[in-house]
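The block underneath contains the structure these notes are about, expressed in structure tokens.
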Amino acid sequence: MLEIKNLVAGVEDNQILNGIDLKINPGEVHAIMGPNGSGKSTLAQVLAGRDGYEVHEGEVLFDGKDLLDLAPEERAGEGLFLAFQYPVEIPGVNTTYFLKSAVNAVRKYRGLPELDSTEFLKLVREKMKILELPQSFLKRPVNEGFSGGEKKRNEIFQMAMLEPKLAVLDETDSGLDIDALKAVAEGVNRLRSPDRSQLVITHYQRLLDYIVPDFVHVLYKGKIIHTGGKELALELEERGYDWIIKEHNEPVTA
Amino acid sequence: MSSSTDTIDKLVKNEYKYGWTTEIESETLDAGLNEDVVRFISAKKNEPEFMLEWRLRAFRHWEKMAEPKWPHVHYPPIDFQAISYYSAPKKKEGPKSLDEVDPKLLETYEKLGIPLEEQKMLAGVAVDAVFDSVSVATTFKETLQKAGVVFCPISEAVHSHPELVEKYIGSVVPYTDNFYAALNSAVFSDGSFVWIPKGTRCPMELSTYFRINARNTGQFERTLIICEEGSYVSYLEGCTAPMRDENQLHAAVVELVAHTDAEIKYSTVQNWYPGDEEGRGGIYNFVTKRGLCKGPRSKISWTQVETGSAITWKYPSVILQGDDSIGEFYSVAVTNLKQQADTGTKMVHIGKNTRSTIVSKGISAGRGQNSYRGLVQIHKNATNARNFSQCDSMLIGDQCGAHTFPYIELKNSSAKVEHEATTSKIGEDQIFYCNQRGIETQDAVNMIVNGYCKEVFQQLPMEFAVEAQKLLNVSLEGSVG
């Protein structure tokens, strides 16, 4: 589904990613952990195609297509979704209108007929049930006046609506209390399926108690220096990152 | 945010979509202004004596006045003697129906997407079309006549209702008011006249489409709307202008009078040619619009969507004279390219329990400069007067500017005046957020801007709101691939 090969990227002259290799198969959930400044969010932004991030080397294949060659909205159309760490507010634009535009833009890209209002509302109701969101959500302007938890739930709701093949969750747990965290994680888990993959970026292990990954990668100075199973997350929580970094800096052969 | 502003640069570079000139033989007066020109204009319109006298008084006053320098706009000096003050499409007799209207003129309207025929049937809107200086088509007269409503060119009203014109013209905006109002009073070409009789709700929304077309001809519209006791009217004004090389001066005056319990709703969608990227050739729009809430419980509401003109200088105001009267001002002003706008409102509270609301949304893109200038004045006897003002500015790109000049003058301590102001930048992050959800950049910008302007659009009549939204989209359209 996603294949990242030797990805070197950064912002202006500042190189942040120093050769990332990562392969995600359909249905898999991968977690990326790492200390602050290791390049976790940069990876998310580069995958989504944010302006200002430059790729110097490497390639990213998404279902065999050259992802880096596509505009951000085309990547969305192909089925890449990014749940933002800091979802932006769009005053005056109600959530329903925004969602309908998004869903229909993506459908159009995929060559599907646009949904009319009735079909759209049916889909909305279906997805809202999964996430147990109040109806009032829809009438409010996008993220405006939302609490931190509401914003993150709105991200997951959008993810449910857009049915991406690959969802990248960028520090979705940041700023959430434990109840909000559980609610968000539950939403994410319900969207898990054999043909959908998730890339969960997080600083803390606690999110991974609720979204259980198949693989955990440790990112350090823009490189994946260690990969393990879900138990690695627990080990990191206990021992921190230093031991891995040490191992990385002093290879066993030395 | 370290990201580049390429996207936004692309977005704000767009060209005026309504640029062309229709070839219609016009009868144009040589450039220059003196008493003879004023007499010529008056004679051309076969005006009664009082009108000529009034024009001459205005002209003599204007000669002693100086152009205002206080607005936050810059332009080369205007040579008022280089402007022609009269231009009219040639015609034999006044057309009785659309069949008699110059087909080329109708074609022009078609291009603008406002075919009169369709307007008549679909929208149920009576259109008093001003092409250059003379009204060429007036529709729905009969329905209005039945209701007793007078809706006609002001040049016609001076003949059919001289007593009303004499009584009210200059009663809200006297020719001594300001430089451009004086100029307009001396040489006004034409405009609309509306009179709604006592207790009458005007059976349809009234609309006028203006269009400047003759080269180098100043347009001096003069509109006068009078609502008698307990009456109501909604008036729509919209315009687009063709592409030009030379700057064109547009100095209109609009006067509204609302008597006891009367309500006037005046909506404008303005799209004069803004000039090229350097601001060359755009319209100078120096307008005086003012309403008088003369009687108790009267209400005047201005709603404007301004996307055009090289320079806009415009402050639709309300004088709240009657007790319990209400004044409202809702505005969206867009400056793109090198446009400059200094616009806002004045709310003058004289009567008791008078209330006013100001909602101003400025959008600056390209190298546009957008200034809000507002005055809330509470007079000594205006007990319990209230005002709420909200002035928001949105910046698109990093070469534009937004400025706010709010003035408050309080002479009664029981008054309550609130002012809120925000400045925001349309974020690459907002656009990216939409992109990430599959929405293309242009659609994203339209969505974000329309959301920002929502409060104002909600004030517009339905079909006009749709038009305004489209216009806004077109104004900010770019070459996004």
Problem set entry | Interface residues in region B:406-438 - accessible area drops by 50 Å² or more relative to the isolated chain, probe 1.4 Å | B:430, B:432, B:433, B:436, B:437, B:438
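So for region A:143-254, considering every pair of alpha-carbon atoms, how many percent are separated by more than 24 Å? Intermediate results must be reported in sequence, preceding the final value.
On the way: 2004 of 6216 pairs.
Counting every Cα pair in region A:143-254, those more than 24 Å apart make up 32 percent.
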Exercise. Restricting the count to DSSP beta bridges whose residues both fall in chain A, what percent are antiparallel, rounded to a multiple of 5?
Worked result: 60
For this session: Evaluate the distance, in nm, between pseudo-label points positioned 7 Å from the Cα of residue A:248 and of residue B:66 along their respective Cα→Cβ axes.
Result: 7.1
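Quick one: work out Rg over Rh on the C-alpha atoms of region B:252-411, Rh as Kirkwood radius.
Details: Rg = 16.2 Å, Rh = 15.7 Å.
Taking Rh as the inverse mean 1/r over Cα pairs, Rg/Rh reads 1.03.
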Exercise. Averaged across the residues of A:42-51, what count of C-beta atoms belonging to other chains lies within 10 Å of each residue's C-beta?
Worked result: 3
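Of all the accessible heavy-atom surface of the protein assembly as shown, with the other protein chains kept in place and a 1.4 Å probe, what percent is carbon and sulfur? Present the calculation step by step, with values, prior to reporting the outcome.
Details: 14250 of 29710 Å².
Looking at the protein assembly as shown in its full context, I get 48 percent from C and S.
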Problem set entry | Percent of Cα-Cα distances greater than 23 Å, calculated over region A:1-159 | 47
Problem set entry | DSSP beta bridges in the protein assembly as shown [antiparallel fraction, %, rounded to 5] | 20
For this session: Apply the Debye scattering formula to region B:31-92, with a single equal point scatterer on each alpha-carbon and no solvent, then give log10 I(q)/I(0) at q = 0.17, 0.25, 0.29 Å⁻¹.
Result: -0.74, -1.13, -1.27
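Hey, what's region A:79-195 come to in accessible area per residue, 1.4 Å probe, Å²? Present the calculation step by step, with values, prior to reporting the outcome.
Values: 5110 Å² over 117 residues.
I get 44 Å² per residue for region A:79-195.
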Seminar exercise, completed: Per principal axis, largest first, the Cα atoms of region A:116-181 extend in Å by 36, 29, 18
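Please say if region A:52-123 is rounded, prolate or oblate, where rounded means a/c under 1.5 for a ≥ b ≥ c the square roots of the C-alpha gyration tensor eigenvalues, and otherwise the choice is prolate for a/b larger than b/c and oblate otherwise? All intermediate terms of the calculation are to be shown ahead of the outcome.
Details: a/c = 3.18, a/b = 1.53, b/c = 2.08.
The shape class here is oblate.
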For this session: Decide, for region A:1-72, between rounded, prolate and oblate: order the square roots of the alpha carbon gyration tensor eigenvalues as a ≥ b ≥ c, take rounded if a/c falls under 1.5, and otherwise choose prolate if a/b is larger than b/c, else oblate.
Result: oblate
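With r as the distance between the Cβ atoms of residue B:80 and residue B:412 and R0 = 41 Å, compute the FRET efficiency 1/(1 + (r/R0)^6) and round to 0.05. Can you show the working numbers first?
Values: r = 41 Å, r/R0 = 1.00.
With a Förster radius of 41 Å, E is 0.50.
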Exercise. Which whole-Hz couplings ³J(HN,Hα) result when phi for each residue of region A:89-95 is put into the Karplus expression 6.51 cos²θ - 1.76 cosθ + 1.60, θ = phi - 60°, listed in order with x for Gly and Pro?
Worked result: 8, 10, x, x, 9, 6, 4
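Taking a ≥ b ≥ c as the square roots of the eigenvalues of the Cα gyration tensor of the protein assembly as shown, is the shape rounded (a/c under 1.5), prolate (a/b larger than b/c) or oblate?
Details: a/c = 2.55, a/b = 2.31, b/c = 1.10.
Prolate shape, in that a/c is at least 1.5 and a/b is the bigger ratio.
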Problem set entry | Estimated distance in nm for a label pair at residue B:466 and residue A:140, the labels positioned 7 Å out from Cα along Cα-to-Cβ | 3.2
Problem set entry | Solvent-accessible area buried by pairing A with B, both sides, nearest 100 square angstrom, 1.4 angstrom probe | 2200
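The values are calculated or read from the model by the stated rules, or taken from the named source; none is laboratory data. Keep in mind that what you see is a predicted model, and the values were worked out from it rather than measured. We place every Cβ from the backbone using ideal geometry, glycine too, and count neighbours over all the protein chains shown. Ligands, DNA and RNA are excluded from the accessible area calculation, which covers all protein heavy atoms including side chains. Shrake-Rupley method; radii C 1.70, N 1.55, O 1.52, S 1.80 Å.
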